[in-house]
Amino acid sequence: AENVKKQLSTEETIEIHYQDIFKDNSVRDLDIEEFSREDFNNIIREKVEIDIIEECEKALKILETNTGKTLNDITHIIMVGGSSKIPFVKAMYAKKLKT
């Protein structure tokens, strides 16, 4: 899953082929001919909209409480961590900041 996430951060569509990945020793392969960034976005959409955006909102509230600064005072936001590299996460947060 980690490799798929990383690949879809730079590519629109990928093929997924893993041999014998199931722990039940069923010797089944995982083959997906075409898995798109859009497919991935649909899977993570709810998590991003609820959890990630909510955590960013909490961080902004802490900033305001601790420093008196509001979003209007901020000129740049630096996102860090693996999820910040996902184009959908970047786009959703940028959209949230504009509203």
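The values are calculated or read from the model by the stated rules, or taken from the named source; none is laboratory data. Note that the structure is predicted; figures quoted are calculated from it, not measured. Every residue, glycine among them, receives a Cβ derived from its backbone with ideal geometry; neighbour counts consider all protein chains shown. When the accessible area is computed, the model is the full protein with side chains, heavy atoms only, and any ligands, DNA or RNA have been set aside. Shrake-Rupley method; radii C 1.70, N 1.55, O 1.52, S 1.80 Å.
Residues that are of a type in the set (Phe, Trp, Tyr) and at negative phi: list the helices (runs of 4 or more DSSP H) wholly contained in the chain that include at least 2 such residues. So that I can check it myself, show each step before the final result.
Numbers: elements: 2-8, 37-47, 53-67, 87-98.
The qualifying helices (runs of 4 or more DSSP H) are 87-98.
Condition check for residue 44 on (1) touching a Phe, Trp or Tyr at 6+ places or on another chain (Cβ under 9 Å); (2) β-branched (Val, Ile, Thr); (3) loosely packed, with under 13 Cβ neighbours inside 10 Å: one failure, at (3).
Looking at 90, 95, just one residue is open to solvent by 90 Å² or more (accessible area, probe 1.4 Å), in contact with a Ser or Thr (Cβ under 8 Å, 6 or more places away or on another chain) and either among the polar types (S, T, N, Q) or within 30 Å of residue 3 (Cβ to Cβ) (or both), and that residue is 90.
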